[in-house]
1. Name the residues in segment 342-352 that are open to solvent by 40 Å² or more (accessible area, probe 1.4 Å) and either under 19 Å from THR410 (Cα atoms) or assigned to a loop (DSSP other than H, G, I, E, B) (or both), would you?
2. Looking at VAL297, VAL266 in this structure, which one is on the phi < 0 side of the Ramachandran plot, at pLDDT 75 or above and assigned to a helix (DSSP H, G or I)?
3. Of (1) crowded, with 20+ Cβ neighbours inside 10 Å; (2) in contact with a strand residue (DSSP E or B) (Cβ under 6 Å, 6 or more places away or on another chain), GLU296 satisfies all except one. Which?
4. Among the residues of segment 36-45, is there at least one that is touching a helix residue (DSSP H, G or I) at 6+ places or on another chain (Cβ under 6 Å), assigned to a helix (DSSP H, G or I) and either open to solvent by 80 Å² or more (accessible area, probe 1.4 Å) or not polar (S, T, N, Q) (or both)?
5. Do you know which residues across segment 226-263 are touching a residue at least 40 places away in the same chain (Cβ under 8 Å), open to solvent by 90 Å² or more (accessible area, probe 1.4 Å) and either among the hydroxyl-bearing types (Ser, Thr, Tyr) or not in a helix (DSSP H, G or I) (or both)?
6. Does segment 49-58 contain at least one residue that is open to solvent by 30 Å² or more (accessible area, probe 1.4 Å), at pLDDT below 85 and of a type outside the set (A, V, I, L, M, F, W, C)?
7. Taking the options LEU339, LEU313, LEU332, name whichever one is hydrophobic (A, V, I, L, M, F, W, C), closer than 25 Å to LEU286 by Cβ and not in a helix (DSSP H, G or I).
8. Of all residues in segment 353-367, which are open to solvent by 50 Å² or more (accessible area, probe 1.4 Å) and closer than 15 Å to LEU303 by Cβ?
Amino acid sequence: MSAGRPRTRLRLPAWKRLRLPAWTMTLHGKFAAFVIVMCCVLTTVVGVLVHVLVGRQAESQARSAALSQLDSVAAAYVAGEPLGRDAAVDPADLPAPLRAMALRGERGTQLADHQGRPAMWAVTPADGKALAVHLDYSRRAAAIRGLDRTIVGSSAFAIALTLAVGLFGVSRITRRLHHTAQVARRISTGDLDARVDDPRVLCAPFAQDETAAVAAALDAMAATLQTKLHSEQRFTADVAHELRTPLAGLRIAAELLPPGRPAELVRDRIRAMSRLTEDLLEISRLDAEVERADIEVHQLGPLAERAVLATGLRAEVRTERDTRVETDQRRLQRVLGNLVSNAHGHGRPPVLLTVDGRVITIRDHGDGYPGHLLDHGPQRFRSRSGSGRKTGHGLGLTIAMGQARVLGATLRFSNAPDGGAVAELALPPSVPGPRRSPSTETGSSQRS
């Protein structure tokens with residue numbers, strides 16, 4: 001056997017591996033970062049320009065004053081008059097470059113220190129020596145430092161003010177966007193009556209408002225979706241209702257057929273059509289959200305056992321933690337019956353039903369749920385056959401989801417790691433208040 005090719009692991013760039021805080025992903029965070037960065041760049045550029053220009057202007061004025069005083073000192077030196085306290089010949093702290101210029105017979109100026117304080121030096125040659133004057137530069141340097149502090153303080157104030165005003169303006173937009181997103185989530189969960197109802201949509205001055213345009217588009221989409229869905233619901237209900245009369249006639253006519261295989265086939269198809277019609281009527285009622293749960297207090301373990309017995313199918317019932325629940329017995333049995341029937345119809349035995357507190361799990365050992373069901377949930381008239389078994393209409397799980405929603409329960413579908421489909425029904429917690437108890441709570445403890 002030849003050695004396989006070594007697998008190379010893709011390494012992401014460092015900037016992609018860096019995990020930023022969650023707030024940086026929000027519009028507020030991005031806007032704040034943008035404002036801070038741009039204001040810092042702008043104030044830095046302006047501050048540097050102002051500092052350089054003011055510094056050069058101060059140095060230029062100091063040089064002019066130093067050269068002017070140097071001319072007066074040079075005239076006094078030639079005339080043999082006193083030089084003054086700011087002038088001297090070959091002073092000890094004269095900067096070396098100026099001393100070298102004087103020795104070369106050149107004039108020059110330089111900003112340096114004098115006795116620990118900034119000073120502007122000016123030098124000129126005099127009898128092979130350096131005649132120098134110095135002017136105190138500390139006041140000008142202090143003025144430049146004060147200007148720098150003023151620039152920093154005003155920049156910080158401008159950044160804070162701009163950020164506050166900007167965040168206030170952005171918060172108005174983000175609040176509207178959050179409201180629009182909340183309405184969109186309500187629509188996705190089935191609340192088709194939810195609307196944004198942004199008043200700016202009806203105002204002509206706000207015609208260019210992008211947020212109002214998004215809200216108007218969402219409201220229009222919800223209205224169109226609601227209209228189409230209601231039309232489909234009415235169509236399904238009307239078709240199912242109209243089918244009941246001819247099916248009743250067919251059922252009576254089938255009873256008049258002579259005994260035999262053809263008559264059994266006809267009766268079997270009529271029964272299948274009748275079940276399909278009743279399922280469609282039930283789905284139409286669930287879609288219309290007119291169903292209401294009749295809440296009573298039940299012991300969950302025995303109730304689950306009776307639900308399995310009612311299906312006539314084999315399933316092992318395990319009660320790990322029994323509890324009393326407030327639920328609609330008929331609807332809960334409908335949900336469990338459909339899940340057990342689906343496990344037998346599309347999976348493989350053994351089928352196991354486990355009661356663990358308020359959570360009921362139904363598992364088979366077949367090929368598992370198809371990918372589209374795990375991604376999008378049950379869809380009517382879309383079902384996949386498994387292991388050569390017959391294909392259903394996808395109505396059983398759709399009804400189970402609808403009845404679970406009426407009960408306030410959560411129904412989740414997954415596949416077991418070692419194979420098999422897993423349906424998990426989580427009943428809601430009890431609501432404080434009086435509840436009716438059924439007249440007969442005990443039932444058969446026999447397990448299928």
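The values are calculated or read from the model by the stated rules, or taken from the named source; none is laboratory data. Note that this is a predicted model, so its numbers are computed, not measured. Note that each Cβ is placed from the backbone with ideal geometry, even for glycine, and that neighbours are counted across all protein chains shown. Only protein heavy atoms, including side chains, enter the accessible area calculation; ligands, DNA and RNA are left aside. Shrake-Rupley method; radii C 1.70, N 1.55, O 1.52, S 1.80 Å.
1. Passing the criteria: ARG348, PRO349, PRO350.
2. VAL266
3. Unmet for GLU296, out of (1) crowded, with 20+ Cβ neighbours inside 10 Å; (2) in contact with a strand residue (DSSP E or B) (Cβ under 6 Å, 6 or more places away or on another chain): (1).
4. yes
5. Selection gives nothing.
6. no
7. LEU313
8. ASP356, ARG358
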